[in-house]
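The structure appears below as structure tokens.
The values are calculated or read from the model by the stated rules, or taken from the named source; none is laboratory data. For clarity, every value in this text was computed on a predicted model and none was experimentally measured. Reconstructed Cβ throughout: ideal geometry from the backbone, glycine too, with neighbour counts over all protein chains shown.
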Amino acid sequence: MKRVVELDGLRGLFCLGVVLYHVHHQWIFWWWSVMDFFFMASGFVISAQLLLNREAENLLTAFFMRRALRVWPLYFATLLFGLVVYLATSHVDVWSSTQPRGWLQFASFTAFVEGYRHRLDLGPYPFHFIHSWSVSVEEQFYVLFALSFFAMRRFAWSVPLIAAVFIAAGLWWRGTNDGHLYLLLNHIDALGWGLLLSHLFCTGAAEQHRRALLPIFALCAAVSVPMWAGYVWHGYSLLATGGDMRALAQPPTVNAGFILLWLGLIGAAALTPGHKLWAPLRTRFARYLGDVSYPLYLTHYMAIVLGVVIARKLGFNPQLFAVLGAAAGIAGAHLLHVYVEKPLSRFKAGMRYRTPDRAPAPRAPLLPVTVK
């Protein structure tokens, strides 16, 4: 399989939407749902690396070292910067309730796990870094899936089986708990669908059943519309009339509808790369956003929060400073991408999976680089 640049473009444009959401969330209040797109795409790409190299004798060590090089340097750099900002401005009331354990849990990728036992309290966590909850979720997923796959890799249907367990666990959790957005179990079904996509494409089944799969992906997207359209319409109606957005109901079908939408979108884009329908996703702008999406995700929210805090202290317009903070976050993401992420990517490329005959496994870049 070859790299699908359209998924890079989707990832980049959706990440730009996340920046807009954090500048003024009511403009696209439903954008919380796009996190399941990122998780599904990540499950698609990351599991594909394990499937293609399942015979490698260094499967786990190579996988985890490559993941660490991809995720950790930028993550811990921004975490350290956030800690410095916190220590320098600890008197500011916006994060006066922050506790050391919040920083420690972010550093160990165990943020918010106490939410499985009782109602989640966000107070102990540094507010300006709270958006990085998704990195913790993905790191937890990497460990859970990689170990499960390693134990079952000789079984041809290991990925569909693991995916089915993940999807069932996610549906059960959503149905029996008032789950929090920041918990792995609230997104593990989206990750599970990503695993199924990787199985389809890595085994050649997608190409073999291409004519049947394309209508199925289109149907997923079409069926999803009535599941979330009412929620979106109601929200914008409240905005137009000055209503209270807290009154906006979110039935369980809304989240399921968005997951179907992302499944159809990712599947169709991966199945028909190069189609004229996806031309906007292949533009230089969209691909650039895809390249910088990870550092942009890490930097933008912290910059926006700092901008708003400064504006309120000085008596300026917080919305204007939120926009300025977003611009600063984009600039910081570009610098991180050029001077940190690119050199690390070249170094990571040298960490190869070794086949049993101790010859390096053939390099087969497929699909876009991981979402996170």
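Odds and ends about this structure:
- Test: residue in segment 31-45 that is hydroxyl-bearing (Ser, Thr, Tyr) and either crowded, with 18+ Cβ neighbours inside 10 Å or within 17 Å of Met245 (Cα to Cα) (or both): yes
- Gly82 within 20 Å of the chain's Cα centre (by Cα), under 30 Å from Phe258 (Cβ atoms) and not polar (S, T, N, Q): no
- Filtering Leu195, Leu181 for residues that are among the aliphatic types (A, V, I, L, M) and farther than 19 Å from Leu147 by Cα leaves a single hit, Leu181.
- Applying the criterion of being touching a Pro at 6+ places or on another chain (Cβ under 9 Å) and of a type in the set (S, T, N, Q) to the residues of segment 90-114, the residue that is nearest to Val143 (Cα to Cα) is Gln105.
- Selection from segment 152-178 of residues that are under 24 Å from Pro252 (Cα atoms), buried (at least 18 other Cβ atoms within 10 Å of the Cβ) and not hydrophobic (A, V, I, L, M, F, W, C): Gly170, Arg174
- Qualifying positions in segment 144-196 - part of a helix (DSSP H, G or I) and of a type in the set (Lys, Arg): Arg174
- Flag for Pro273 being of a type outside the set (A, V, I, L, M) and outside any helix (DSSP H, G or I): yes
- The residues listed here are Leu336, Leu344, Leu289; of these, the one that is in a helix (DSSP H, G or I) and over 18 Å from Leu69 (Cβ atoms) is Leu289.
- Residue in segment 274-289 that is in contact with a His (Cβ under 6 Å, 6 or more places away or on another chain), among the hydrophobic types (A, V, I, L, M, F, W, C), farther than 21 Å from Leu195 by Cβ and surrounded by fewer than 24 Cβ atoms within 10 Å (Cβ to Cβ) present: no
- Within segment 82-96, the residues that satisfy the criterion of being surrounded by 14 or more Cβ atoms within 10 Å (Cβ to Cβ) and either assigned to a loop (DSSP other than H, G, I, E, B) or modelled with pLDDT of 95 or more (or both) are Thr89, Val92.
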